[in-house]
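The values are calculated or read from the model by the stated rules, or taken from the named source; none is laboratory data. Quantities reported herein were computed from a predicted structural model and do not represent experimental measurements. Quick reminder, even Gly has a Cβ in these numbers, built from the backbone with ideal geometry, and neighbours come from all protein chains shown.
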Amino acid sequence: MSLVPRLAQPPTKVAPLNAELAVALDRDGHLLLRGAVPEAWRDGLRTAFDAGVGTGDQWAAPRGAGWRHALVDLDPVVQQTCRLPLLLAAGARMLGGPFFLAQIEGREPLKDGGHQPLHRDGVGTNSVAALVFLDAYGPDNGATRVVPRHRDGGEPDEAMSFVTAGEAGDILVFDADLPHGATCNRSGARRRSLLLSFMPEGHRATMEACRTIRNVRMDTSEVFIP
């Protein structure tokens, strides 16, 4: 069930990304924001993830095998996390105009599951994706790999990718059209994350038309501007 939309409100102004990070983001098409989530929020995010895990029939569309999925988009700490200033600044840098938070869900690769071929999301939509890591992550427990923009030759190339690694509280934010994909969780160690999507305001009508099939329950009316 959708929330009742908020009354019309002024757009939320997003502060610019600092010059050093902007250069790296323009070059690579992604940023790994180390320790971006305040430590005091992390247990609450993990609790929200675990509380949101249910049976397959809670989803309007089938979810992939080898993964644990969680409905998390109504949780207030999740909502705060998606509005961290540094994350919004990176999204604004890539999108360059008005945008909105279109979707949030929880994902976790199960033991011996999670591997994805390198792929591009939302080709032609100019969308931005972000992964908020709730546990330590690396090559052994299904971390995400990505091909930086300056190495992207058009066809997904594993030789050009690198596997991310870090700690709970990190955020990987990236152009969703970059080749990327999760790796296999060989160890079985937990690797919970929040996957979120920022979309240009011009795509709002399209996204609203399919919000039920995407299990979007939150209010998406807030508009962010660079």
Are any of the residues in the range 92-100 small (G, A, S) and without any contact (Cβ under 8 Å) to a residue 60 or more places away in the chain?
no
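Which one of V147, V132 is β-branched (V, I, T) and farther than 24 Å from G44 by Cβ? Spell out how you get there, then give the answer.
Working: V132 fails: farther than 24 Å from G44 by Cβ.
After ruling out the rest, the residue left standing is V147.
Residues checked against (1) within 26 Å of K111 (Cβ to Cβ); (2) in a loop (DSSP other than H, G, I, E, B); (3) at pLDDT 95 or above:
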residue	(1), (2), (3)
V37	yes, yes, yes
A40	no, no, yes
D43	yes, no, yes
R46	yes, no, yes
D50	yes, no, yes
A60	no, yes, no
A65	yes, yes, no
H69	yes, no, yes
D73	no, yes, yes
Within the range 123-139, can you find the residues that are surrounded by fewer than 17 Cβ atoms within 10 Å (Cβ to Cβ) and either touching a His at 6+ places or on another chain (Cβ under 9 Å) or assigned to a strand (DSSP E or B) (or both)?
none
Residue list for the range 42-69, filter: surrounded by 13 or more Cβ atoms within 10 Å (Cβ to Cβ) and closer than 18 Å to T212 by Cβ
G52, Q58, W59, R63, H69
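Within the range 139-162, how many residues are among the charged types (D, E, K, R) and over 16 Å from A129 (Cβ atoms)?
So the answer is 5.
Please enumerate the residues belonging to the range 141-159 that are of a type in the set (A, V, I, L, M, F, W, C), over 12 Å from D177 (Cα atoms) and crowded, with 17+ Cβ neighbours inside 10 Å.
Matches in the range 141-159: A143 only.
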The strands (runs of 3 or more DSSP E) lying wholly within the range 169-226 that contain at least 2 residues that are among the β-branched types (V, I, T), surrounded by 21 or more Cβ atoms within 10 Å (Cβ to Cβ) and modelled with pLDDT of 95 or more are 171-175
